[in-house]
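To keep things clear, I will list the structure first and then write my remarks on it.
The values are calculated or read from the model by the stated rules, or taken from the named source; none is laboratory data. Model, not experiment: these values are computed from the prediction. Because the Cβ atoms are built from the backbone with ideal geometry, glycine has one as well, and the counts that use them run over all protein chains shown. Just so you know, the surface numbers come from the protein's heavy atoms only, side chains and all, with ligands and any DNA or RNA stripped out. Shrake-Rupley method; radii C 1.70, N 1.55, O 1.52, S 1.80 Å.
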Amino acid sequence: MPLFQSPQLIADMYMIPQQLSESDKWIRIFLDVFIENKFFTIFSFLFGLGFYIFMNRAEGKGKRFYRLYIRRLTLLALFGLMHLVFLWYGDILLNYALAGFLLLFFYKRKAQTILIVIITFTLALIILLSLNFFSSPEELKLEIQMLQVEGAGKMEEAVEQYQNSSYLELMSYRFSNEVIPVLKDLPFSMLTAWYMFLIGLYTGKRNIISHFHSHRNLVKRVWWISLLCSIPISILIIALHLNFLKFGIHNEIFIQVFVTFSGLSLSLFYLSTILFLLQKDKWRKRLNPFSYIGRMALTNYIMQTFIGVGIFTGLGLFGDVNLTLGIILSLIIFPIQILFSYLWLKYYKYGPLEWLWRSITYGEFQTLKMRK
C-alpha cells in the first residue's frame, strides 16, 4: 500500500527519509517489525513449495514436467513484464519467474544438497549485509547527501506526473524512472525470492508439511530458533526508530538491514506457527477464509494493482494520503477480496487469471465451471 500511495521507489533509490506524522511513525514501526519483508518471503516460500508439488505431480503422471514448467514460468514472466510496464513498478511476477528458472536446476538435487546451498547463502547474506556496519561515516554521509539533493526534485516530479499526467505521458515517465531501474535491479532482487524458493523446495522434498507429525520436532526447533532470533532484531528496529540507538547517517541503513534480517527470521516463525495452528480444528476453521484468496493469488494480486492504482493515480491522490489512511484502506480492501474469492470459487474451479495461466501451460482450455 505505501508503494501505491507515494513515490517510495524514488525515495529508496535516493535514500530520502519519509516525513511522517506522530501516528504514522508508530504505523511505520509496526510495519517494519511485523510486516515489511515478512509476507513477501512467505509468498516466495510457498512458490518454491508449489514448484515442487507441480513438478512432482506432473512427473507422477508421466508428463514432460520440465517443458510444462518452463511454459508456465515464461507465461508468468510475460504477465510480470506487462504488469511492470503498463501498470505498476512494484511487480513481483517477473522477479518470481526469473528466479523460478534458477530453481529448475535444483529439482533433481538431493534435499541435503539443497540444505547446504541454503546454509551457504544464509551465511553469505549475513556477511554481505553486515558490511554496511563498517562503511566510512564521512564517505557515506557525502554520498547520501548528494543523492538526496538530486532525489528531492525527483520526488516532486513523481508526484506531479502521477497527479496530472495522461496515461501515455505517465507511461513514458514511468519507463525511464521506474521500469528501467527495476529491470536493472532484477539480478539482485530475485536472489531473495530464489533463497526462499529453495527453502520451500527443501520443505517439499522432506515432506515436512504433508507428513507434519513425523517432522513435528524439527518444526518446533525452527519455531524456537526463529523466535529467539526475531526478538532482539525487532528490539533493535524499534530502538533505531525511536533514536534510543543513534548511528547518525547510518540509522536508516541499519533499519533496512535489520528489517531484511527479520524478514527471514520472522517469516519462518510465522510459517511454523501457522503449521502448528493448522493441527487444531478450531484454528483450521478460523484460517480457512484465507484459503479462498490463496487459491486465487494471481488474480487477487493483479486486482490489488488495479484497485491501488485506481484509487491513488486515477483519483489524483498520489502523494497526498498518509500512511495511516493507506493501512485503513488495506484493512477494508483485503476482506472484500476474501469475500469475492469465496463467492467466485463457489461456481468456478479457478480464478480467471489462474484459469488462463493453467490453460496456456497445458495447451488446452481447462474446465472452469464447477460441476453441479
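Which residues, counting only those in the range 159-197, are without any contact (Cβ under 8 Å) to a residue 24 or more places away in the chain, over 17 Å from LEU98 (Cα atoms) and among the acidic types (Asp, Glu)? Listed by number, the residues that qualify are GLU160, GLU169. Taking every residue in the range 104-131 that is of a type outside the set (Val, Ile, Thr) and pairing it with any residue that is assigned to a loop (DSSP other than H, G, I, E, B), at least 6 positions away or on another chain, the pairs with Cβ-Cβ distances below 6 Å are ALA111/ARG206. Scanning the range 118-132 for residues that are open to solvent by less than 40 Å² (accessible area, probe 1.4 Å) and farther than 20 Å from GLN256 by Cα returns a single hit, ILE118.
When LYS108 is tested against (1) at pLDDT 90 or above; (2) part of a helix (DSSP H, G or I), only condition (2) is not met. Of the residues making up the range 13-45, those that are surrounded by 14 or more Cβ atoms within 10 Å (Cβ to Cβ) and of a type in the set (D, E, K, R) are ASP24, LYS25, ARG28, ASP32, GLU36, LYS38. Among residues of the range 215-272 being among the aromatic types (Phe, Trp, Tyr), touching a residue at least 24 places away in the same chain (Cβ under 8 Å) and under 24 Å from TYR202 (Cβ atoms), the one that is most open to solvent (accessible area, probe 1.4 Å) is TRP223.
Given the structure, is LEU78 in contact with a Phe, Trp or Tyr (Cβ under 7 Å, 6 or more places away or on another chain), open to solvent by 50 Å² or more (accessible area, probe 1.4 Å) and assigned to a helix (DSSP H, G or I)? Criteria not met by LEU78. Any chance the range 53-61 includes a residue that's open to solvent by 30 Å² or more (accessible area, probe 1.4 Å) and either basic (Lys, Arg) or in contact with a Ser or Thr (Cβ under 8 Å, 6 or more places away or on another chain) (or both)? Yes, the range 53-61 contains a residue that is open to solvent by 30 Å² or more (accessible area, probe 1.4 Å) and either basic (Lys, Arg) or in contact with a Ser or Thr (Cβ under 8 Å, 6 or more places away or on another chain) (or both). PHE101 satisfies every condition listed in (1) under 21 Å from the mean Cα position of the chain (by Cα); (2) modelled with pLDDT under 90 except (2). Checked against the criterion of being more than 20 Å from HIS83 (Cα to Cα) and open to solvent by 20 Å² or more (accessible area, probe 1.4 Å), the candidates ILE209, ILE180 yield just one match: ILE209.
Scanning the range 133-151 for residues that are open to solvent by less than 50 Å² (accessible area, probe 1.4 Å) and touching a residue at least 60 places away in the same chain (Cβ under 8 Å) yields a count of 5. Are any of the residues in the range 198-205 in the same structural domain as ASP12 (by the TED database) and either over 21 Å from the mean Cα position of the chain (by Cα) or not in a helix (DSSP H, G or I) (or both)? For the range 198-205, residues in the same structural domain as ASP12 (by the TED database) and either over 21 Å from the mean Cα position of the chain (by Cα) or not in a helix (DSSP H, G or I) (or both): present. Residues that are within 16 Å of ILE255 (Cβ to Cβ) and not in a helix (DSSP H, G or I) within the range 129-161 comprise just one, SER135. One residue stands out among those in the range 314-329 that are open to solvent by 60 Å² or more (accessible area, probe 1.4 Å) and not in a helix (DSSP H, G or I): the one that is nearest to LEU20 (Cα to Cα), which is ASN322. The number of residues in the range 335-362 being free of Cβ contacts under 8 Å to residues at least 12 places away in the same chain and either assigned to a loop (DSSP other than H, G, I, E, B) or under 30 Å from LEU20 (Cα atoms) (or both) comes to 2.
Filtering the range 292-309 to residues that are at pLDDT 95 or above and loosely packed, with under 15 Cβ neighbours inside 10 Å leaves only PHE306.
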